[in-house]
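Written out below as structure tokens is the structure these notes cover.
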Amino acid sequence: MDQTGWRAALLAVAMLGLVQGAAAQAKPAAPKKKMPYEVQQHIAGLAKTCVDLGGKPNKSPGLLSLVDLNGDGIADYVIDVTQFNCEGAGASAFTNGQSGSDLSVYAGTPDGHARKAFAGSVYSVQLDKVAQPPKLVVGVAGLACGQKNAASLPFSAVKSCERALVWDGMKKVLVLGPTLPPKASK
């Protein structure tokens with residue numbers, strides 16, 4: 001491994017420590033003593049990309065949230081890339097602009113691993129850990145809001161909406177639920 005590869009690996013390990021410390025404060029339903037390998041690899045990939053872009057991974061307390069979204073009593077892992085702090089790589093390094101930002105959710109398994117249950121680009125993420133069951137609501141737009149002609153419209157004309165992610169027990173994934181009613185203006 002060359003010097004750049006070693007630097008990226010060391011930064012990824014340091015980043016995992018920063019994220020694990022923040023996630024430990026979240027008090028999930030049934031926390032594991034160790035973060036699943038799959039989640040570690042995902043975060044290490046973010047750290048490597050950050051280094052490749054000339055940045056330095058920094059504390060990112062909002063990057064990882066632990067919550068039981070599928071009701072099995074095992075912590076699930078929500079990775080909100082908008083919360084990843086890659087110092088020096090530019091503000092838009094981990095956002096997709098008009099396409100949104102990446103959100104990944106891994107469902108924890110009884111053997112201490114995790115399976116990817118959702119991956120997609122979203123415009124906002126709201127995690128309500130107090131609700132029973134906990135609720136993850138995402139902001140989406142265009143086709144995800146029922147606007148069939150969205151691809152042919154300027155972005156300013158694209159419809160946006162919020163949808164909760166709901167557990168599909170047959171497929172063992174999170175899917176977009178029905179469009180939520182718009183929030184009342186204050």
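The values are calculated or read from the model by the stated rules, or taken from the named source; none is laboratory data. Keep in mind the model is a prediction, meaning the values are calculated, not measured. Positions of Cβ are backbone-derived with ideal geometry, glycine not excepted, and every protein chain shown enters the neighbour counts.
Do we have any residue at all in segment 122-136 that's surrounded by 14 or more Cβ atoms within 10 Å (Cβ to Cβ), among the small types (Gly, Ala, Ser) and modelled with pLDDT of 95 or more? There is no residue in segment 122-136 that is surrounded by 14 or more Cβ atoms within 10 Å (Cβ to Cβ), among the small types (Gly, Ala, Ser) and modelled with pLDDT of 95 or more. Applying the set (1) of a type outside the set (Asp, Glu); (2) touching a Phe, Trp or Tyr at 6+ places or on another chain (Cβ under 7 Å); (3) closer than 23 Å to Lys183 by Cβ to Arg115 leaves exactly one unmet item: (3). If you scan segment 127-138, which residues turn out to be free of Cβ contacts under 8 Å to residues at least 24 places away in the same chain and either of a type in the set (S, T, N, Q) or in contact with a strand residue (DSSP E or B) (Cβ under 9 Å, 6 or more places away or on another chain) (or both)? Selection gives Asp128, Gln132.
Of the residues making up segment 147-186, just one is acidic (Asp, Glu) and without any contact (Cβ under 8 Å) to a residue 12 or more places away in the chain, namely Asp168. Residues that are crowded, with 17+ Cβ neighbours inside 10 Å and assigned to a loop (DSSP other than H, G, I, E, B) within segment 47-61 comprise Gly55, Ser60, listed in sequence order. The residue that is nearest to Asp168 (Cα to Cα), counting only those in segment 72-87 that are surrounded by 13 or more Cβ atoms within 10 Å (Cβ to Cβ) and out of contact with any Asp or Glu (no Cβ under 9 Å at 6 or more places or on another chain), is Asp72.
Applying the condition of being in a strand (DSSP E or B) and touching a residue at least 60 places away in the same chain (Cβ under 8 Å) to segment 100-126 and asking which residue is nearest to the chain's Cα centre (by Cα) yields Ser104. When segment 64-99 is filtered for residues that are on the phi > 0 side of the Ramachandran plot, modelled with pLDDT under 85 and in a loop (DSSP other than H, G, I, E, B), only Gly90 remains.
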